[in-house]
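Encoded as structure tokens, the structure appears first; notes follow it.
Only the coordinates and a few stated rules stand behind these numbers; no lab work does. Just so it is clear, the structure is predicted and the values come from calculations on it, not from any experiment. All Cβ positions, even for glycine, are placed from backbone atoms using ideal geometry, and neighbour counts span all protein chains on display.
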Ligand SMILES: [Zn+2]
């Protein structure tokens, strides 16, 4: 069932979606429908994020600092912008494990050699922001938002 585009904008569209979803879910609960596939999760990409993405000017400055003085200074610039404590970047693949490229643990972001790139750094920085701001977020949501945050900060960059 397609979601109708309503003139009143995104809010109305979400309202419509929620009522449709409720209808389908009710049918499922009443055994009138064999399965129920929630579609609202698919909308969350466009949903407002808990942590605001900095302006273009700030994002460009971040990239400039990164080019001139490297990743640690660039991350320091952003944590300064957000008014939180610094996040330390540590290049140590053994700390990462699980076949991952990077991980975050209490103010320290660990990276493998291969994993040390702008995208992963901004992704881990998001975890640091969540930690520093003491936000309560489900792990899956946090991972999704961290990717989204990195994509938004590095907007227009095909190479990370
Ligand atoms: Zn992550």
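Annotation: the residues 76, 100, sorted from fewest to most other C-beta atoms within 10 Å of their own C-beta, follow the order 100, 76. Its relative contact order, with pairs defined as Cα atoms under 8 Å and 6+ residues apart, puts region 56-153 at 20 percent. Taking the DSSP bridge list for region 63-160 and keeping only pairs wholly inside it, about 50 percent are antiparallel.
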